[in-house]
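Data block below; observations after.
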Amino acid sequence: MFMKMKIRIEKELAAYVRGMDKLYSLNSLSPVLFNSIREFICRPGKRIRPILFCIGYLGFSKKAPQGLYRSALSLELLHDFMLVHDDIIDKSDTRRGCPSMHALLNRYLGPKKGIKFNGEDLTIVIGDVMYAMALDAFLSIREKPWRKENALRKLIFAALYTGSGEFIELLLGAKPLEKISREDIYKIYDYKTANYTFASPLTMGSTLAGAKISQTQRLFSYGMLLGRAFQIKDDIIGTFGEEKDTGKSNLTDIKEAKRTLLIWHAFNHSGRNDSLAIKRIMEGKSSSNAELQRIRKIIIQSGSLAYAENQIKHLFSKAKKQLGGLRMNKRYKQALNSFSQKILKV
């Protein structure tokens, strides 16, 4: 089901891009702006958010209304907006196997002399434009106005909380490791991943379909639990996965001093020397390959990898209970269960 829905969303994205200039006259305003956005939003992606939006709707409705898939694109455009800004913050020159937006625009600006701005500045503006496009795309669905208003508020809150999550994550990077709690880590997971990737897309869909508030709340809880488990799994893959599968070195997350559940647990459950080694990496005082490799070994020896894997199982079990209590179409309920098992590998 997910693959069929992804194909349908890809077709809708292609149609949206073909009509983009007619909708907004971006090419007339600026060919650079138009071509930059068009190229970026057409890059291959998983399209998880729009797929979950559609499942959230169809699970509580007998048929798809006009504009469902165009409205679903709002979440993909919101994601693109977040990505181009994230790449500036992370100082990343690549995204989805291609140059990041700001890297492309810096190349474009390269030969120009005497300018007081750079590709990063232009990318901030492009992100703002894509956010506006996301809001406009959402309005495409034919549904009752009050349902659209409530679902739109969820989209806006998803953007608000994701931005807040990014903000507190950056500030957490300046906090001494010994003062960081597990709740600090989970707060970032919830705001940056669980809400925006899982809970909000699902409940935007169910709200539009007219699901009861109790059902939407249960679906939200399911999404938050699944999202938290997914982020832990993503951290494990980022630290122990193969580069050929992830597209980046499995030392990158450690080198970038990301505060993850793995790092938090290892720091708090290791001997003094190993804890100091972790602290040196997190404070940017050491980043040799040997030191980075040592951190991976500490994570295993301290039981932190096993702890994280057990947390995934625990969260998945709780998510399944929430899913079990949903009165949604059995076909879409089963699709969600299969999806959960696939992404968490449980």
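The values are calculated or read from the model by the stated rules, or taken from the named source; none is laboratory data. Because the structure is a prediction, the values reported are computed rather than measured. Glycine gets a Cβ as well: all are built from the backbone with ideal geometry, and neighbour counts include every protein chain shown. Side chains are part of the model used for accessible areas, which takes the heavy atoms of the whole protein and leaves out ligands, DNA and RNA. Shrake-Rupley method; radii C 1.70, N 1.55, O 1.52, S 1.80 Å.
Just Leu202, Leu172, Leu29 to compare: in a GNM of the chain, with alpha carbon springs under 10 Å, which one fluctuates most?
Checking each option, the largest mean-square fluctuation is seen for Leu29.
If you take the Cα Rg of the chain and divide it by 2.2 N^0.38 Å, with N the number of residues, what do you get?
Numbers: Rg = 21.2 Å, N = 346, 2.2 N^0.38 = 20.3 Å.
Against the compact-globule rule of thumb, the ratio is 1.04.
Using amide H atoms built in the peptide plane, which far-off residues or other-chain residues are under 5 Å from Cys98 H to H?
Residues meeting the criterion, in which the H sits 1.01 Å from N, do not exist here.
Please calculate how many Å² of accessible area the chain carries per residue, with a 1.4 Å probe and no DNA, RNA or ligand atoms counted.
I get 49 Å² per residue for the chain.
Can you classify the range 114-195 as rounded, prolate or oblate using the Cα gyration tensor, where a ≥ b ≥ c are the square roots of its eigenvalues, rounded means a/c under 1.5, and otherwise it's prolate if a/b beats b/c and oblate if not?
oblate
Using the charge dipole of the chain (Lys, Arg: +1 at Cβ; Asp, Glu: -1 at Cβ; taken about the Cα centre), state which of Pro65, Thr193, Leu170 has its Cα farthest towards the positive end.
Among Pro65, Thr193, Leu170, the one farthest towards the positive end of the dipole of the chain is Pro65.
Can you give the Rg and Dmax of the range 239-346 based on its C-alpha atoms, in angstrom?
Computed over the Cα atoms of the range 239-346, radius of gyration and Dmax are 17.7, 54 Å.
Pull out the extension gain between Asp21 and Met3, defined as 0.36 nm times the separation in residues minus the alpha carbon to alpha carbon distance; nm, one decimal. Before the final figure, lay out each step's value.
Working: separation 18, 0.36 × 18 = 6.48 nm, distance 2.87 nm.
So the chain would gain 3.6 nm between Asp21 and Met3.
Quick check: pseudo-label points 7 Å beyond the Cα along Cα→Cβ at Lys63 and Glu10, how many nm apart are they?
Each label point is offset 7 Å from its Cα along the Cβ direction, giving 2.8 nm.
May I ask you to list the GluC sites (Glu not before Pro) in the range 283-327 that are in a DSSP loop and have at most 16 other Cβ atoms within 10 Å of their Cβ?
Glu283
Could you check the simple spin-label distance between Arg43 and Ser181, using points 7 Å along Cα→Cβ, in nm with one decimal?
Simple spin-label model gives 3.7 nm for this pair.
How big is D for the range 1-70, in µm² s⁻¹ as a whole number, if Stokes-Einstein is applied with the Kirkwood radius of its Cα pairs at 4 °C and 1.567 mPa s?
On the way: Rh = 13.4 Å.
My calculation gives 96 µm²/s for D.
Along the range 190-207, what does the Karplus equation 6.51 cos²θ - 1.76 cosθ + 1.60 (θ = phi - 60°) give for ³J(HN,Hα), rounded to whole Hz, x for Gly and Pro?
Whole-Hz 3J(HN,Hα) from phi for the range 190-207: 5, 6, 7, 10, 4, 5, 6, 8, 10, 5, 5, x, 4, 7, 4, x, 5, 5.
Of Lys63/Lys144; Lys187/Lys279; Lys258/Lys333, which pairs sit farther than 25 Å apart, going by alpha carbon to alpha carbon?
From Lys63/Lys144; Lys187/Lys279; Lys258/Lys333, over 25 Å: Lys258/Lys333.
At 1.4 Å probe size, with the rest of the protein present, what percent of the exposed accessible area of the chain is carbon and sulfur atoms?
It is 53 percent, rounded to a whole number.
Place +1 on the Cβ of every Lys and Arg and -1 on the Cβ of every Asp and Glu in the chain, take the dipole about the Cα centre, and give the residue among Ser74, Tyr24, Asn35 whose Cα lies farthest towards its positive end.
Result: Ser74, furthest along the dipole toward the positive end.
List the trypsin sites (Lys or Arg not before Pro) within the range 39-111 that fall in a DSSP loop (any state other than H, G, I, E or B) and whose Cβ has at most 13 other Cβ atoms within 10 Å.
Working: sites: Lys46, Arg47, Lys62, Lys63, Arg70, Lys91, Arg95, Arg96, Arg107; in loops: Lys46, Arg47, Lys62, Lys63, Lys91, Arg96.
Here the trypsin sites (Lys or Arg not before Pro) that fit, given the DSSP loop and packing criteria, are Lys46, Lys62, Lys63, Lys91, Arg96.
Distance between Cα centroids, the range 1-17 to the range 45-61: provide it in whole Å.
About 11 Å separates the Cα centre of the range 1-17 from the one of the range 45-61.
To the nearest 20 debye, what charge dipole does the range 12-59 have about its Cα centre, counting +1 at the Cβ of each Lys and Arg and -1 at the Cβ of each Asp and Glu? Walk me through the intermediate numbers first.
Values: 7 positive and 3 negative charges, 31 e Å.
It comes to approximately 140 debye.
7 Å from Cα along Cα→Cβ at both Ser92 and Asn268: what's the point-to-point distance in nm?
Taking the two extended label points, one gets 2.7 nm.
Among Gly284, Ile312, Ile254, which residue has its Cα positioned farthest towards the positive end of the charge dipole of the range 236-335, with +1 placed on the Cβ of Lys and Arg, -1 on the Cβ of Asp and Glu, and the dipole taken about the Cα centre?
Farthest towards the positive pole: Ile312.
What aspartates and glutamates sit close enough to Lys6 to cross-link, taking a C-alpha to C-alpha distance under 16 Å and skipping anything fewer than 8 places away on the same chain?
Within reach: Glu76.
Which value, in debye to the nearest 20, gives the size of the charge dipole of the chain about its Cα centre, when Lys and Arg are +1 and Asp and Glu are -1 at the Cβ?
On the way: 58 positive and 33 negative charges, 302 e Å.
The dipole of the chain has a size of about 1460 debye.
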